[in-house]
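The next block holds one structure in the form of structure tokens; read it before the comments.
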Amino acid sequence: MPTSVATRTVKHRTDYKTPAFTISHVDLCFELDAKATIVTSVMQVLRQTANQPLRLDGVMLTLLSVEIDGKEVSADKWQQTTDSLTLNQVPDQFELRIVTQISPQDNTALEGLYLAENTFCTQCEAEGFRRITYFLDRPDVLAVYSSTIIADNSRYPYLLSNGNKVADSINDQGIRTVKWQDPFPKPSYLFALVAGDFDLVADSFITQSGRNVSLELYVDKGAAARGDFAIQALKRAMRWDEQRFNLEYDLDVYMVVAVDFFNMGAMENKGLNVFNSKYVLADAATATDKDFFNIESIIGHEYFHNWTGNRVTCRDWFQLSLKEGLTVFRDQEFSADMASDTLTRIEAIKVMRTAQFAEDASPMAHPIRPEHVVEMNNFYTVTVYDKGAEVIRMLQTILGKDAFAAGLALYLQRHDGQAVTCDDFIQAMQDAAGVDLSQFRLWYSQSGTPELTATQQYDASTKKLTLTLTQHTAATADQAIKQDLHIPVAIEFLFGQQHAKQQHLLDLTANQQQFIFNNIAQPDAIVWLAHFSAPVKLKVDYTDTQLLQIAAKASDGVARWDAMQQFWAKLIAARLQDNNVKQALPTAVIQLMQQLLTQPQADAALTAELLALPDFDTLAEQYQQIPVQQILTLLRQLKIDLAHALAEPLLQCYNRLAVTPYQYTEQDVATRSLRNRCLHYLAELADSTALIAQQISQADNMTDSLAALIASQQAQHVDFAALISSFATKWQDDAHVMDKCFSLVATDPTEQVFAGIDNMLQHKLFSWKNPNRVRALFSAFSMRNPEQFHRLDGKGYQLLADVVAKMDPLNPQISARLITPLLSWRRFDSVRQQAMQNCLTRLLELPKLSNDLYEKVSKSIG
Ligand code: TRP
Ligand code: ZN
């Protein structure tokens, strides 16, 4: 029987109330045991509102005792529910001692305190602390914590928690007791504890004011060498935040623990980050250039949270983008400075145009500051994170870099040690910059992707150029009425003859607005929305010539890439209209690509992007109803046609570009990227198998090996089966590489994929309890194998639904993330709609559906 709707409480942003009590100090003690860990919590509680009971959050806890000011409280003085403990009559100020028991070994949800393999580990954000002990588990209760950890020293030689270690002793039985003290008041979601056996990579950092910070990276035994890149990246992040925003680290130790079982990328717990090992460990043989990039960016992200998140935190979870949007923006700026700025921006734009635009068009649409939530874990989204970061970026664009930095400094100084709101952030920006941001604030409350229409009119006799911009935001699933937003529109005029360029920033604030330029020559082309200056869709009637001109000449690499993407999208849309697959490629684009391939001086990373066709998801977002098969057929045909038209320059470029030995430098990454882009096309030509075999046998790094495998698979070479099987044999004991192998198996564009996945489920390293393994197989299948996932017979959808049903009782965070592609069933044709709906209905009928999954599925078919 389905669980009744009534048990799923919807929380509303506007219902916020200050807590009736606060807790100034907490002393925690953990007697670690796999099945029966005893948690003793001693809290200093203070009343803030008269005549209120004390209601504490707590889930899946066995309550052993309650004491107030040293006196046992009898059971008739409290009420327990499945998620709370309420004490009715309590003093205004008292010490509350609560003892509970939990079972870390049975915790497969990886939320709260869990034991995975031989490591005890916590994950408290967003509401996991209540699975450790009864508490006011909300981010506006800031307390000073100490934690005492008691465990068997031989099995758990490292006992870690937030802050500084203040005591450490061992008794005759080999039982160790370690005590930690964190001087900074913090919300419960930033608490962390780790116990296990590791290799320690140690280093140190001298802050700008001359303090010495010891850096400690804890990794799996034997993996120390693979931790070097992460620790170097950490030092770069610490230096960068000092230089860019004048922000310095505040404790004497910064610890990072890499764990194999983790629901997300990483977690910014004060002084003790916990990372998914996939975002820490890397070397040339096992990690790709993209892995190295992600590690640097996530190490930066969690470090930057120390100021934007920890020192200044969120008042309530509706404000999540306050810390996440801002911190993603900061990590993107860091990556742009460390790696290629053009590529960093292009990757961020791709995320927006694929995942975020899709979310806005889905039943889960929400503003970057959501209005209502059933399960908070469902709102760690691309909208809150990535669109949130775009909103911060627009602020920087509107205010200018210096005023933005001043605004951030004012925000941090004004609110240090507080739990605040998105409004507080905007207010600080407004006060520092002296700019009215009242209309800009709508970006926080309005969901949906605005559509921008741009037209131009030139009067040659008066040399007057008139630009007209119109904005429109369509209704979304959560919100019918939309208002006009303040949209910064960066533009660049390209003048053909003189090769001249001119840049401007237009502030669109009305529904329709004209911008007049007097005494100006007629531009040959206008780059609209340069650098993706706002997270909007753009409608402009570009000619092919204009797009190719922008692709060839714009000053900004992002604009050039974008023009190529628009060129292909336009061509695909036209061919889709006339149902014409076998049309010759326009010579102008072939000429341009030929030129790009034969310019050894050019930025290779950008060239690789200029040579890329748009991906399936980017194209899909441009259609109300997604023409799955047509897009796939056209994309494949274009790839084959380009390979033939450019065969010679592709091969020459490929041969010119080898790099060894492997180094992760901006230049080498660029070279590999361009070379592998060439290979991707060359694989479509006859007798390309030797080329691929050669690259695999000569590669000294995972980037080139994996690129060759993917090229072979996507071109459907017959010998791909042999290649992947020797790859799987070679790496059978390495979980991170096997994840790549699982993903490869899952992206097989043929029907073989089902047998392949079944086979991998038998692999000794596969485990349903490990989110990385499950995602490697099934996110790859549902998000990167449109051919087979969107099969007309519904077999792809059923596979995903079966996996979701299996995962939900084990780990609801993961099941709710996996379901995402099925939620958007309305975007497909009626046959696929029906097949997807059937899957969702079946899930809704499951006896014990998690809140996480229920919220999404019911929104989708409700
Ligand atoms: N705050 C983390 C970040 O840096 C996100 C996170 C990690 C998280 N683990 C989680 C969120 C578990 C919810 C649940 O972005
Ligand atoms: Zn974050």
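The values are calculated or read from the model by the stated rules, or taken from the named source; none is laboratory data. Because the structure is predicted, anything quoted here is derived from the model rather than measured. Backbone-built Cβ (ideal geometry, glycine too); neighbour counts: all protein chains shown.
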Exercise for the section: For region 304-327, indicate whether the set of residues that are more than 15 Å from residue 420 (Cα to Cα) and either in contact with a strand residue (DSSP E or B) (Cβ under 7 Å, 6 or more places away or on another chain) or away from ligand 2 (no atom under 16 Å from the Cβ) (or both) is non-empty. Expected result: yes
Completion exercise
A careful count of residues in region 291-303 that are away from ligand 2 (no atom under 12 Å from the Cβ) and in contact with a Phe, Trp or Tyr (Cβ under 7 Å, 6 or more places away or on another chain) gives 3
Completion exercise
Log entry, pairs with first residue in region 288-304 being of a type in the set (A, V, I, L, M), second being away from ligand 2 (no atom under 15 Å from the Cβ) and in a helix (DSSP H, G or I), beta carbons closer than 8 Å, six or more apart or on different chains, reads 295/229; 295/230; 295/233; 299/230; 299/233; 299/234
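Taking helices (runs of 4 or more DSSP H) that fall entirely within region 638-703, which contain at least 3 residues that are under 31 Å from the mean Cα position of the chain (by Cα)?
Numbers: elements: 647-656, 666-682, 689-698.
So the answer is 666-682.
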Problem - Tally of residues being crowded, with 18+ Cβ neighbours inside 10 Å and not acidic (Asp, Glu) across region 718-740 - result: 11
Problem - Residue match in region 118-128 (condition: under 26 Å from residue 417 (Cα atoms) and either aliphatic (A, V, I, L, M) or surrounded by fewer than 23 Cβ atoms within 10 Å (Cβ to Cβ) (or both)) - result: yes
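Where in region 368-470 are there helices (runs of 4 or more DSSP H), lying wholly inside it, with at least 1 residues that are within 16 Å of ligand 2 (Cβ to nearest atom)? Steps first, please.
On the way: elements: 388-399, 401-415, 422-433, 442-445.
It comes to 388-399, 422-433.
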Exercise for the section: Just name the residue that is nearest to residue 141 (Cα to Cα) out of those in region 295-318 that are more than 13 Å from ligand 1 (Cβ to nearest atom) and not acidic (Asp, Glu). Expected result: 315
Problem - Failed criterion for residue 338 (all others in (1) in contact with a His (Cβ under 9 Å, 6 or more places away or on another chain); (2) more than 15 Å from ligand 1 (Cβ to nearest atom) hold) - result: (1)
Practice task
Go through (1) within 15 Å of ligand 1 (Cβ to nearest atom); (2) of a type in the set (S, T, N, Q); (3) under 19 Å from residue 618 (Cα atoms) and name the single condition residue 327 misses.
Solution key: (3)
Problem - Pair list, Cβ under 6 Å, 6 or more apart: region 313-324 residue in contact (Cβ under 8 Å) with a residue 60 or more places away in the chain, other residue more than 11 Å from ligand 1 (Cβ to nearest atom) and acidic (Asp, Glu) - result: 315/140
Handout entry: Single condition residue 222 does not satisfy, out of (1) farther than 14 Å from residue 271 by Cβ; (2) under 28 Å from the mean Cα position of the chain (by Cα); (3) not basic (Lys, Arg)
Key = (2)
Exercise for the section: Can you tell me which residue among 520, 491, 516 is more than 27 Å from residue 447 (Cα to Cα) and part of a strand (DSSP E or B)? Expected result: 516
Fill in the blank from the handout: Those residues of region 211-241 which are farther than 24 Å from residue 735 by Cα and among the basic types (Lys, Arg) amount to 211, 235, 236, 239
Practice task
Determine if region 271-290 includes at least one residue that is of a type in the set (Val, Ile, Thr), within 16 Å of ligand 2 (Cβ to nearest atom), under 19 Å from residue 191 (Cβ atoms) and at pLDDT 95 or above.
Solution key: yes
